[in-house]
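Visitor: Dumping the structure here so I can ask a few things about it.
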Number of protein chains: 2
Amino acid sequence: MTSKPTKAAVARKSGAKGSVQDEAPASNRAARAAERRAAIIEAALEEFIARGFAATRLDDIAKRAGVAKGTIYLHFKDKESMFEELVRLVIVPVVERLTKLPPPAGSVRDLVEAFASTFLREVANTRRGDLVRLIVAEGPRFPAVADFYYREVVQRGIGGMRMLIELGIARGEIREKGLAKFPQILVAPVLISVIWQSLFERHAPLDAQAMLRVHLDLIFGERRTT
Amino acid sequence: MTSKPTKAAVARKSGAKGSVQDEAPASNRAARAAERRAAIIEAALEEFIARGFAATRLDDIAKRAGVAKGTIYLHFKDKESMFEELVRLVIVPVVERLTKLPPPAGSVRDLVEAFASTFLREVANTRRGDLVRLIVAEGPRFPAVADFYYREVVQRGIGGMRMLIELGIARGEIREKGLAKFPQILVAPVLISVIWQSLFERHAPLDAQAMLRVHLDLIFGERRTT
DNA sequence: ACTTTATGACTGACCGGTCAGTCATAGTCA
DNA sequence: TGACTATGACTGACCGGTCAGTCATAAAGT
């Protein structure tokens, strides 16, 4: 195919930030469109996280994505629905990964620990973590986002945790019966980690994994040193 | 939106929101100025919490405070420093109340429980709680706010909790030694409550007090039935 | 009278959203 | 295969509304 640099390609390449690395030959139209869409989503996520919804400029998103502003409107109705769709687009795959993760084996504690560790690795220390903070920040102003997040993430998560806790109680691994009524307690330190990192990392970094271990010791009793 | 039939004088006399109660003749100048300043602060807090920093309009703050826009600029340099000062003004008295609260008596658990209950009552279920969410939301964009909050609230809070935990360990009330390294765990459920309420109250209200009790049972062992 | 405080109309930068025009590519035909 | 046309993805100048901040004027206080 043409190795001649197209105008668009040049613009994209010179479009700073280096966030999107040199991509494929940009074969057919549909593929290019998908690429651009992806670039817009990536750029928008970055900007929204950095500035919040209201303070984010569509011009900046466009520039970062190496695209003209008008192009954004070929993919999204307006700023608001773009934001809402964005949240869905980022969260759905994460939820999918996490829901079909645990092959039931070993003790409840191992299960919980494996699960939480995965979460910490995949979410807490990536941009996903900032997304959580973003949702906390913008949720009240975007009921649609809050609803979606509650339905897809919180409700499921709480439900799953409750099942694990009940299993743990039945097996005698967990002593505190009341925990089944508040699975939030199980999750709390993980969430705190996420928020802590994005606010106070530079003041005092927090070893989330270690904290998690202490917290699980609290719930399951002192860990036998395997 | 705010539809206010407003002449400033009328608004002031009728005590617009009922938040500022009808006060004395307000004879001297300083007193009136202080009043107006307080009204502005109150109004600004409300608006910032409801809309976030960027989306809040100074016109709305002025209207809510029953004051002309220009008046705001007699008290604050600009929107940004107003926001920062606001956070300080609201947080300082709360910190003061909490720091000189506990007259050391009884078990560590009682101390912690009393402290946390006070916090829940005074913060979680008031506008102060939303302020916490606001700080989480805007912190990254206002380093000054994040710094202040870390220094005045988080650092002190963590320090205090650590002392309590160490006391608890020394007295044998707390078994898990690792907790002293992560006082965040002690506080986590309280913070989660605050966030939960402001995001998901309408989906599923959360009994923060009950959750706190379960959490403390986890840390101090089953509660002795007094 | 004169100083201090308050007002709100006004300004100008800024930004979300639009749309007429461009041009690389896909499709068609010989 | 090469030439010509049709398509629609993409562009970016532009528009109109919005809003932080200003300042000439008015009111209040002494």
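Visitor: I'd like to know if the range A:141-164 contains one or more residues that are in a helix (DSSP H, G or I), under 21 Å from B:Ile135 (Cα atoms), within 8 Å of another protein chain (Cβ to nearest Cβ) and among the β-branched types (Val, Ile, Thr).
Guide: Looking for residues that are in a helix (DSSP H, G or I), under 21 Å from B:Ile135 (Cα atoms), within 8 Å of another protein chain (Cβ to nearest Cβ) and among the β-branched types (Val, Ile, Thr), one finds none in the range A:141-164, hence no.
Visitor: While we're here: Which of the residues belonging to the range B:34-80 are among the small types (Gly, Ala, Ser), more than 14 Å from DNA strand C (Cβ to nearest atom) and more than 14 Å from chain A (Cβ to nearest Cβ)?
Guide: B:Ala44
Results for (1) within 19 Å of A:Gly221 (Cα to Cα); (2) surrounded by 19 or more Cβ atoms within 10 Å (Cβ to Cβ); (3) facing another protein chain (nearest Cβ under 9 Å); (4) within 19 Å of the chain's Cα centre (by Cα), shown as yes or no for each residue.
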{"site": "B:Gly172", "(1), (2), (3), (4)": "yes, no, no, no"}
{"site": "B:Leu179", "(1), (2), (3), (4)": "yes, yes, yes, no"}
{"site": "B:Leu199", "(1), (2), (3), (4)": "no, yes, yes, yes"}
{"site": "B:Ala210", "(1), (2), (3), (4)": "no, no, yes, no"}
{"site": "B:His215", "(1), (2), (3), (4)": "yes, yes, yes, no"}
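Visitor: Name the one entry in B:Ile91, B:Ile61, B:Ile40, B:Ile72 that is in a helix (DSSP H, G or I), modelled with pLDDT of 95 or more and more than 13 Å from DNA strand D (Cβ to nearest atom).
Guide: It is B:Ile40.
Visitor: Looking at the range A:117-163 only, could you name the residues that are among the basic types (Lys, Arg), in contact with a Ser or Thr (Cβ under 8 Å, 6 or more places away or on another chain) and over 19 Å from A:Phe48 (Cα atoms)?
Guide: Of everything in the range A:117-163, just one residue is among the basic types (Lys, Arg), in contact with a Ser or Thr (Cβ under 8 Å, 6 or more places away or on another chain) and over 19 Å from A:Phe48 (Cα atoms), namely A:Arg156.
Visitor: Suppose we filter the range A:81-103 for residues that are within 8 Å of DNA strand C (Cβ to nearest atom) and open to solvent by 90 Å² or more (accessible area, probe 1.4 Å); how many remain? Spell out how you get there, then give the answer.
Guide: The first filter runs over the range A:81-103 and keeps only residues within 8 Å of DNA strand C (Cβ to nearest atom), leaving A:82.
Of the ones still in play, those that are also open to solvent by 90 Å² or more (accessible area, probe 1.4 Å) are none.
So the answer is 0.
Visitor: Name the residues in the range A:98-117 that are without any contact (Cβ under 8 Å) to a residue 40 or more places away in the chain and under 30 Å from B:Arg141 (Cβ atoms), would you?
Guide: A:Leu98
Visitor: If B:Leu131 satisfies all but one of (1) at pLDDT below 95; (2) within 16 Å of DNA strand C (Cβ to nearest atom); (3) crowded, with 19+ Cβ neighbours inside 10 Å, what's the number of the condition it fails?
Guide: The failed condition is (2).
The values are calculated or read from the model by the stated rules, or taken from the named source; none is laboratory data. Note that the coordinates shown come from a computational prediction; the quantities given were computed from them, not determined experimentally. Note that each Cβ is placed from the backbone with ideal geometry, even for glycine, and that neighbours are counted across all protein chains shown. Please note that ligands, DNA and RNA were not included when accessible areas were found on the heavy atoms of the full protein model with its side chains. Shrake-Rupley method; radii C 1.70, N 1.55, O 1.52, S 1.80 Å.
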